[in-house]
């Protein structure tokens, strides 16, 4: 994202990225490779209103989260193209296709027999349907159950139901293990999750907020969106943040907006925050923090490991 980008536009993109899967760099081990012996799927397969007569061999993904799901369940070899934000894992065939402004002709040029989208930008679903290209929507998750369901659905459509079930099972086990070790606190630790330097954030009603809740944390942004007017993504003022005095500040704008622990410490008035004084400003990977695929386990682990350092 260009440094010349207007700051209000940067903030809007930071919020929009949560619905389109963010922008990525490689930060964790690559997902498991395809194991054809485990795939016992039979076709035709129907998920929702979509029926596929045969296993898709040319998949296009215009959702970074969906791309991660495809590779995690072993469908990577079937993926022929992904959007310009889908650069995890490293082997994903990234192109200049856009998930923000999808172009039907550009997508069709890859001769896909399945297209995954996170939303219906530009009425792209109708356009692709007219071209007789199967389309499946994987909208931004609101809960972990949404993630598990999407993995299961994508597994069924791509011919990898067993692998998808394994990924879901492993995620459930990993999360249960992380949560089981949480310290018992008389009072919850509080936090501010920063989406952009303009102080846009996410409440507990969002997917990212639900992960913090799992970690036993209290969100200082919840009162700002009590009526739901901002859709779970309010913009806070510096005064509200200073008054709330969060125990932790989590930065999900380190890549998009070059924010860092040092830049937060240097903000006027922020030196008084407990998060700053106790060195509890945590730099997150923007991409992992904006997606709802298998790497949410990594994000939850980061949150829990950071807060576990505070004595109960």
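The values are calculated or read from the model by the stated rules, or taken from the named source; none is laboratory data. Since we're looking at a predicted model, the values are computed, not measured. All Cβ positions, even for glycine, are placed from backbone atoms using ideal geometry, and neighbour counts span all protein chains on display.
Checking residue 222 against (1) surrounded by fewer than 18 Cβ atoms within 10 Å (Cβ to Cβ); (2) out of contact with any strand residue (DSSP E or B) (no Cβ under 7 Å at 6 or more places or on another chain); (3) at pLDDT below 95, only one condition comes out false. Which one?
Condition (3) is where residue 222 drops out.
Would you mind finding the one in 229, 262 that is in a helix (DSSP H, G or I), out of contact with any helix residue (DSSP H, G or I) (no Cβ under 8 Å at 6 or more places or on another chain) and surrounded by fewer than 16 Cβ atoms within 10 Å (Cβ to Cβ)? If you could, list the steps in order and put the result at the bottom.
Values: 229 fails: in a helix (DSSP H, G or I).
After applying the criteria, what remains is 262.
All but one of (1) outside any loop (DSSP other than H, G, I, E, B); (2) under 20 Å from residue 216 (Cβ atoms) hold for residue 246; which doesn't?
Among (1) outside any loop (DSSP other than H, G, I, E, B); (2) under 20 Å from residue 216 (Cβ atoms), residue 246 violates only (1).
When you go through (1) surrounded by 20 or more Cβ atoms within 10 Å (Cβ to Cβ); (2) outside any loop (DSSP other than H, G, I, E, B); (3) in contact with a helix residue (DSSP H, G or I) (Cβ under 6 Å, 6 or more places away or on another chain) one by one for residue 298, which number turns out not to apply?
Checking residue 298 against (1) surrounded by 20 or more Cβ atoms within 10 Å (Cβ to Cβ); (2) outside any loop (DSSP other than H, G, I, E, B); (3) in contact with a helix residue (DSSP H, G or I) (Cβ under 6 Å, 6 or more places away or on another chain), the one that fails is (1).
Could you give me the residue pairs with C-beta distances under 9 Å whose first residue belongs to region 128-152 and is without any contact (Cβ under 8 Å) to a residue 12 or more places away in the chain, whose second residue is crowded, with 18+ Cβ neighbours inside 10 Å and in a strand (DSSP E or B) wherever it lies, and which are 6+ apart or on separate chains?
Going by the 9 Å Cβ cut-off, the qualifying pairs are 129/135.
Testing residue 111 on (1) more than 17 Å from residue 73 (Cα to Cα); (2) buried (at least 19 other Cβ atoms within 10 Å of the Cβ); (3) touching a strand residue (DSSP E or B) at 6+ places or on another chain (Cβ under 9 Å), one condition comes back false. Which one is that?
Here residue 111 meets the rest and fails (2).
If you check residue 122 against the conditions, is it at negative phi and surrounded by fewer than 23 Cβ atoms within 10 Å (Cβ to Cβ)? Working first, answer last.
Numbers: at negative phi: no; surrounded by fewer than 23 Cβ atoms within 10 Å (Cβ to Cβ): yes.
Judged against the criteria, residue 122 is not a match.
When residue 208 is evaluated against the numbered criteria (1) without any contact (Cβ under 8 Å) to a residue 40 or more places away in the chain; (2) under 22 Å from residue 308 (Cα atoms); (3) under 15 Å from the mean Cα position of the chain (by Cα), which criterion, by number, is the only one it fails?
Against the list (1) without any contact (Cβ under 8 Å) to a residue 40 or more places away in the chain; (2) under 22 Å from residue 308 (Cα atoms); (3) under 15 Å from the mean Cα position of the chain (by Cα), residue 208 comes up short only on (1).
Please work out which residue is nearest to residue 67 (Cα to Cα), limiting yourself to region 276-290 and to residues that are in a loop (DSSP other than H, G, I, E, B) and touching a residue at least 24 places away in the same chain (Cβ under 8 Å). Outline the logic, then answer.
Step one: list which residues in region 276-290 are in a loop (DSSP other than H, G, I, E, B), which gives 278-280, 284-287.
With the extra rule that they be touching a residue at least 24 places away in the same chain (Cβ under 8 Å), the set shrinks to 278, 280, 284-287.
Values: 278: 38, 280: 32, 284: 21, 285: 17, 286: 16, 287: 13 Å.
Of everything passing the filter in region 276-290, 287 is nearest to residue 67 (Cα to Cα).
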